Each structure stands twice: as C-alpha cells, then as structure tokens.
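**Q** Quick one: this structure, given as structure tokens, is what I'll be asking you about.
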Amino acid sequence: MEKIHNLRHCLESAEFIKKKIGGTPKVGIILGSGLGGLVDDIEEKSIIPYSEIPHFPVSTVEGHKGELIYGFLKGSPIIAMAGRFHYYEGYDMANVVFPIRVMKLLGVEKLIITNAAGGLNTDFEVGDLMLIEDFISRFPDNPLRGFNEEEFGPRFPDMSEPFDKEWIEQTFSKAEELDIILKRGTYMGVTGPVLETKAEIRFLKLIGGDAVGMSTVPEVIAAIHLGMKVLGFSVITNESIPKVAKEFAHADVVDVAQRSGKKLVALVKEIVN
Ligand code: HPA
C-alpha cells in the first residue's frame, strides 16, 4: 500500500523547522479564517513560510496565509499555523493532517484548533464563540485510513472524548474571569466547498449539530491518534438559515471572524500554559 506523506517526510519537515526555530513548542495553535490577529501577540517570532518547508503543502484560500509562526505567548513556547489545509481544496487527508504530525515531532503536546463556522443552533448569534465539545464527521474519508504508522499512534484510537475535559473546564473558568461568553456545542464537519442546502441544515440540526464547518475534524482525529490533548473553538460567522434572508459571502465570514476573533485571541493567550 502506498504511504503518502509518511514518517520520513514528517521527520524531514520537522528537522528543517527545528533548525529554524531553535526551541521546543509545547502548544500548537491552528488559526482559522480571519483569526490571524493572534500572530501580533506572539513574542520573539520566527516565521517560516510553508513554501520553504520540505514536503509541506501550500494553502490556497483567501484569508489563509500559509506560515508557521514559532514564539511565545505569555512566556509559553507555541507554534501557530496561519493557514490550514482543507479537504475541499483537493488535498488528500494525509496532506490535511501533515502539519499536525510535524508539530508532534517538534514536541507539541497540546493543540488548540480554531475555525469559522455557520450556526445551526438557533440560540447562537453571529459573532458568538463556541467551545467545541464533540464532533460529527460527515467527511467521506478519514486521515487514519490505510497504513497505520505505529510511531504516530494505534490502529483504532479511542474517540469517545476528543476534546480534553480538564482543559475545557479551565477554559470556561478563564472565559468567565475575562467576561467572555462562551457557548458550547457539537461541530459538524462537512467537505464543502458548497454551503448547505436548507434540507441539509434541517438534517444536520436533527442529528445533533450546533455549528457546521469545513475543517477541524481531520485535524482532531490526527491529534488524538498522536496522543495530544485537544481544544477546539468555532467563531459563529453566519447563521446557516439567516433570520433575514441573506446570501452567504465568504468576505462576511472573514469580517466577523476578525472582529469576534479578538475575544478568542484574549482567551487563547490565557490557556496556553
Ligand atoms: N457552512 C459551512 N462552513 C462554514 C459556514 C457555513 O455556514 N460558515 C463558515 N464556514
């Protein structure tokens, strides 16, 4: 069976990055659409464009940059991805999760995943932050399908609690201290790139979704396989069924994510150690 992006590729990527950053990141952060503002708060930055890293895919979406940033947030060594790889761009799952595996080889033990998502839960409003408590995958593929690299993790990883309970509770306490309202819910991962039909939205709500988006699920699966602790956030950038009829615009998603992303940035800074 062909092994695309195998351990050797990940090791070569990690070696290259290690030489550039000269430190060990403990927390990885994936910055979703419009959430790049966090980068301004990272101190003593080393910035590496994906295009320079051996074997790294390159992102193609507007609002997603394509850089790895190593540095410190409140004294904690972190590595952030400004730009991620989506299944809808045409990457296979091994490429989508490649950076997560490289992060693990760099020393990352905990991963914070952020995204922009459409609200399914009618209690949610545009601009809300949702802590992801669980997910449902509607992807037709899984990053762990095929050859299992035992160095990464087990053949059948447990997925009964993908998001770390203790870290979630710490996050809620911090949010309360900072006066940030944090909703909680289940993230529905879909392939995109089309937005949902009205019937699909009824279906996704019915099966238990609170928010819907086109990323995150493969990344969580790979991170759990690697034994990382995971935390996830959605910025609710649009209502899946708008209360006032309105056509979906990606520019609005980026705009809301940038504005509400500020609350998320403030929170993330407090939970990285
Ligand atoms: N659906 C899917 N993905 C999304 C949405 C949506 O409504 N908003 C932002 N990402």
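The values are calculated or read from the model by the stated rules, or taken from the named source; none is laboratory data. What you see is a predicted model; the values in this text were computed from it and never measured. For neighbour counting, all protein chains shown are included, and Cβ atoms are generated from backbone atoms with ideal geometry for every residue, glycine included.
**Q** Before we move on, is Gly192 more than 24 Å from Ser76 (Cα to Cα), more than 16 Å from the ligand (Cβ to nearest atom) and among the small types (Gly, Ala, Ser)?
**A** Against the criterion (more than 24 Å from Ser76 (Cα to Cα), more than 16 Å from the ligand (Cβ to nearest atom) and among the small types (Gly, Ala, Ser)), Gly192 does not qualify.
**Q** So Asn95 clears everything in (1) within 26 Å of Val265 (Cβ to Cβ); (2) at pLDDT below 95; (3) not in a loop (DSSP other than H, G, I, E, B) except one condition, right? Which one?
**A** (1)
**Q** From the list Glu133, Glu150, which one is surrounded by fewer than 18 Cβ atoms within 10 Å (Cβ to Cβ), part of a strand (DSSP E or B) and away from the ligand (no atom under 14 Å from the Cβ)?
**A** Glu133
**Q** On the given criteria, is Thr216 in contact (Cβ under 8 Å) with a residue 60 or more places away in the chain and within 15 Å of the ligand (Cβ to nearest atom)?
**A** The answer is yes for Thr216.
**Q** Sticking with this structure for a sec: List the number of the failed condition for Ala199; all other conditions in (1) outside any strand (DSSP E or B); (2) within 16 Å of the ligand (Cβ to nearest atom); (3) surrounded by 14 or more Cβ atoms within 10 Å (Cβ to Cβ); (4) without any contact (Cβ under 8 Å) to a residue 60 or more places away in the chain hold.
**A** Among (1) outside any strand (DSSP E or B); (2) within 16 Å of the ligand (Cβ to nearest atom); (3) surrounded by 14 or more Cβ atoms within 10 Å (Cβ to Cβ); (4) without any contact (Cβ under 8 Å) to a residue 60 or more places away in the chain, Ala199 violates only (3).
**Q** Kindly list the number of the only condition in (1) over 21 Å from Ser240 (Cα atoms); (2) in a loop (DSSP other than H, G, I, E, B) that fails for Arg101.
**A** Checking Arg101 against (1) over 21 Å from Ser240 (Cα atoms); (2) in a loop (DSSP other than H, G, I, E, B), the one that fails is (2).
**Q** Out of the residues in the stretch 75-92 meeting the condition of being part of a strand (DSSP E or B), closer than 20 Å to Ala257 by Cβ and among the small types (Gly, Ala, Ser), tell me which one is nearest to the ligand (Cβ to nearest atom).
**A** Per the criteria, the residue is Ala82.
**Q** Can you name the number of the only condition in (1) on the phi < 0 side of the Ramachandran plot; (2) over 13 Å from the mean Cα position of the chain (by Cα); (3) of a type in the set (Gly, Ala, Ser) that Ala117 fails?
**A** Only one criterion is unmet by Ala117, namely (2).
**Q** Specify which of the listed residues (Lys205, Lys183) is more than 14 Å from the ligand (Cβ to nearest atom) and either part of a loop (DSSP other than H, G, I, E, B) or charged (D, E, K, R) (or both).
**A** None of the others qualify; the one that does is Lys183.
**Q** If you check Val126 against the conditions, is it part of a loop (DSSP other than H, G, I, E, B) and of a type in the set (Val, Ile, Thr)?
**A** yes
**Q** Let me ask something additional. Considering each of Ile201, Ile181, Ile236 in turn, give the residue that is closer than 17 Å to Asn115 by Cβ and not acidic (Asp, Glu).
**A** It is Ile236.
**Q** Condition first: closer than 24 Å to Leu111 by Cα and either out of contact with any Gly (no Cβ under 8 Å at 6 or more places or on another chain) or at pLDDT below 95 (or both). Can you find one or more residues in the stretch 193-207 that meet it?
**A** No, the stretch 193-207 has no match at all.
**Q** For the stretch 110-124, name all the residues that are more than 12 Å from the ligand (Cβ to nearest atom) and more than 22 Å from Leu38 (Cβ to Cβ).
**A** Passing the criteria: Asn121, Thr122, Asp123.
**Q** Considering each residue of the stretch 104-123, count those that are farther than 18 Å from Leu226 by Cβ and either not in a loop (DSSP other than H, G, I, E, B) or not acidic (Asp, Glu) (or both), and give that number.
**A** Counting residues in the stretch 104-123 that are farther than 18 Å from Leu226 by Cβ and either not in a loop (DSSP other than H, G, I, E, B) or not acidic (Asp, Glu) (or both) gives 9.
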